[in-house]
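Only the coordinates and a few stated rules stand behind these numbers; no lab work does. Every value quoted in this text rests on a predicted model; they were computed, and no experiment measured them. Quick reminder, even Gly has a Cβ in these numbers, built from the backbone with ideal geometry, and neighbours come from all protein chains shown.
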């Protein structure tokens, strides 16, 4: 019931914001700038958030974003089949590689706790398109990868734990079976639908709708992000994040005085039909847990930009994802981006 109220409140906020049609002209000019390529490294981990080692425990994503890309013909043809998505002069291209790890609450236990989530790892690659049309941004992403031992969750976690002197995880023998995965994700954002300037500061409100379909995730969500920065900081898009967190392109403008900052905070609610990391394997018998069909995220953070480099940190809270989960998950996210 709590999650339904969160989603309803966000929907009301979005309806009210839609009464303020503002054109994002500065975003439309991004292709006229030098240094159109962006490289980003994003790390999400509960140890830099809630200080725990459970649930969604780690996510690493490396992304390359090109705002002046020549779109391959086969991608153009695929995009034409997607309703509401257009290829135009502003279309940008993104490639990403990543790995996510999910563990129960007690990683020193060799047996699978029947009342806790499965052990799981997800290794994937993504290709995405971003298009500005009018005052909104559409994002389309195709993700392909593998769940199971081939995703190398066990050696990754054991290696990191050996470096930071954390307990050795012992339950990886019970991880989900190997399974190929696919996710098709679409998101629409209104990055400057409501904005203000006062006392040398710039603020904006960005609502969004998103849908993901696939055997890894199937969900629909809506959310709202608020930002505040110095007027001279230039337009700053959201840092790239690991789905199902609220993602961004990682685009940022070089501030007028070479350095800048901005604060951001957001909420999102999702109606979840499929989550393989709770529902278990699609085509084989594996451990599963009864999931919650409504999940909410809240996050807040800060980003610093110096010339062509940006560093951001945020902390996120995710409500309980399955029945019997004692508390929601808290994790931190660090993103380092460089434009060239």
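Assorted remarks:
- Peptides 189-199, 105-115 ranked from most to least packed give 189-199, 105-115, packing being the mean of other C-beta atoms within 10 angstrom over each peptide's residues.
- Compared with the alpha-carbon gap, the fully stretched path from residue 156 to residue 188 is longer by 8.1 nm at 0.36 nm per residue.
- Paramagnetic reach from residue 111 (point 7 Å along Cα→Cβ, amide N under 19 Å) across the stretch 146-187: 169-176
- Gyration tensor (Cα) of the chain, equivalent ellipsoid semi-axes in angstrom: 33, 21, 21
- Full extension of the chain between residue 133 and residue 232 gives 33.1 nm of extra length, using 0.36 nm per residue less the Cα-Cα distance.
- Virtual spin-label span in nm between residue 211 and residue 149, 7 Å along Cα→Cβ: 3.8 nm
- Relative packing of 268-277, 282-291, which averages over residues the other C-beta atoms within 10 Å, highest first: 268-277, 282-291
- Degrees between helix 153-164 axis and first principal axis of the chain (Cα, 0 to 90, nearest 10): 80 degrees
- Nearest-ten-degree value, helix 2-17 long axis tilted from longest Cα axis of the chain: 10 degrees
- Pairwise FRET efficiency - residue 285 versus residue 201, Cβ, R0 = 45 Å, nearest 0.05: 0.20
- Shown for 340, 293: other C-beta atoms within 10 Å of each C-beta, ranked fewest to most, produce the order 340, 293.
- Extension gain from residue 304 to residue 165, taking 0.36 nm per residue of separation minus the Cα-Cα distance: 47.0 nm
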